[in-house]
Amino acid sequence: MAAERLARLVRHAHAHSAFYRRKLDAAGVDVASLRFPEDLEALPLTTKAELIADQAANPPWGTVLTEPLERYTRYCQTSSTTGNPLRWVDTNETWQWLLECWKEVYRAARVGAADRVFFPFSFGPFLGFWAGFDAGSQMGMLCVPGGGMSSRMRLGVIDAIQATVVCCTPTYALRLAEVAAEEFPERPLAESSVRVLIVAGEPGGSIPATRDRIERSWGARVIDHHGLTEAGPLSFECWESPGFLHVNEGEFLCEVLDPATGLEASSGHAGELVVTNLGRTASPVLRYRTGDVAVKCEDPCPCGRTWLRLKGGILGRADDMVNVRGVNVYPASIESVVRRFGDVVEFRSIVSRTGALRTLRVEMEVTTGPGGQPALVAAVAAELREALGLTVPVDVVEAGALPRFEMKASRFIVER
């Protein structure tokens, strides 16, 4: 079935998308003769840089769209963490496809019509939780927006409506816990009505130390989720198997490619996640390089789903990796260490260049008093040295010195 849908999608894209017609013809692909899945590798890979360049040359939408512009009704854009934002539009039909993908996230999280779901973020052009909001409403949930509010106000709404589910980034789940402890010490957040947090936008939901801190602070279960504006709601964690993301192979064709060979990585080895969204026919991506680093797992899941799983979730982004004195360092590797220490309130990693070499240091806000800080600093530095194979200077900064984030955090600073 997936092979038939892919064949139809490729033919449709070649016939109606000027972007993919140029791309496929330039690669010498004879669309009519393709047979899937065996000819999948004949399709050229698509990159975000290509899509951004196409939009710059053909503003504002580029030439990837396959339908007349008047049929498009929803607009979103990427968060611009790696450059210019990518603008993406959907028809009513493809928006509904997105919602069906999000419903799989809810089902895996054991969230349904009886739940009250709170979305504590500004409702800008970020796709993720717009789709989550609409999908939840269709499933009969009470969905409550939290835009234009302070963190204190949002905690008040959660308490007032007795929300059972919160959808946010891992960073903001921790920020709300921090504010709750400061503003409402007499009402522990762990005793609130919230039973599930669905987190996305960062790797933190699948980082054990970050997950544990969120779950202890809230007294609730964390369910990780992953998607991209240009691809859609792609993967999700099930209740039965924490630390793994199921790829929705009912709606996506997924590959994990070895960066050295460009071929499918073997199970247990890291590679780049490449996806084709089978149902987003009005704005498709074919063999799209997500930039996300993942390890595929082919072991059966206790939940009974047979789809591909990603062990440890999204491990990082290929473009976030920095080589420091011969060691490849990902932001998630640092977070997985620092979050183990409960006295660390917030942190930031800074990569500097000294001559031809890069150096890494970590700054932390802590709750430990001055007398206990040297021991904490030494412990964090020792764990980082063990995990990374690097000696990393660790410094304590004043409370409130580091920024706080509602959406994707920027804790990994690379000085140029």
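Tell me, what does the Kirkwood hydrodynamic radius of the chain come to in angstroms if you use every pair of distinct C-alpha atoms? After inverting the pairwise mean of 1/r, the radius is 22.6 Å. Label-to-label distance for Ala382 and Ser352 is 2.6 nm, based on points extended 7 Å past Cα in the beta-carbon direction.
Near Leu234, the amide H atoms lying under 5 Å from its own belong to His226, Gly227, Leu228; only residues 5 or more places off or on other chains count, and H is placed 1.01 Å from N. Remark on Asp292: its backbone amide H falls under 5 Å from those of Leu273, Ala318, a criterion applied only to residues 5 or more positions apart or on other chains, H modelled at 1.01 Å from N. With all protein chains kept in place, the per residue accessible area of the stretch 311-416 amounts to 50 square angstrom at a probe of 1.4 angstrom. Here each label is just a point 7 Å from Cα along the line to Cβ, and for Val414 and Thr391 those points are 2.5 nm apart. Which of these, Ala173, Ala378, Ala131, has the largest mean-square fluctuation under a Gaussian network model of the chain (Cα springs below 10 Å)? Result for the chain, Cα springs under 10 Å: Ala378 fluctuates most.
Rolling a 1.4 angstrom probe over the protein heavy atoms with all chains in place gives the stretch 17-161 an accessible area of 45 Å² per residue.
Note on the chain: GNM, Cα springs under 10 Å; of Phe341, Phe119, Phe244, the largest mean-square fluctuation is that of Phe341.
Can you send over the carbon and sulfur percentage of the accessible area for the chain, probe radius 1.4 Å, protein chains only? Carbon-and-sulfur percentage of accessible area, whole number: 53.
In this simple spin-label approximation, Thr359 and Ala7 carry label points 7 Å from Cα along the Cα→Cβ vector, and these lie 6.1 nm apart.
Rank Leu86, Leu310, Leu34 by mean-square fluctuation in a GNM of the chain with C-alpha springs under 10 angstrom and give only the top-ranked residue. Most flexible of the set in this elastic network: Leu34.
Taken as entire DSSP H runs, the helices of the chain that both span 18 Å or more between Cα atoms along their own long axis and average 0.5 or more on the Kyte-Doolittle scale are 373-388.
The values are calculated or read from the model by the stated rules, or taken from the named source; none is laboratory data. Values in this document were obtained by computation on a predicted structure and should not be read as measured data. Backbone-built Cβ (ideal geometry, glycine too); neighbour counts: all protein chains shown. In case anyone asks, the SASA skips ligands and DNA or RNA and just uses the protein heavy atoms, side chains included. Shrake-Rupley method; radii C 1.70, N 1.55, O 1.52, S 1.80 Å.
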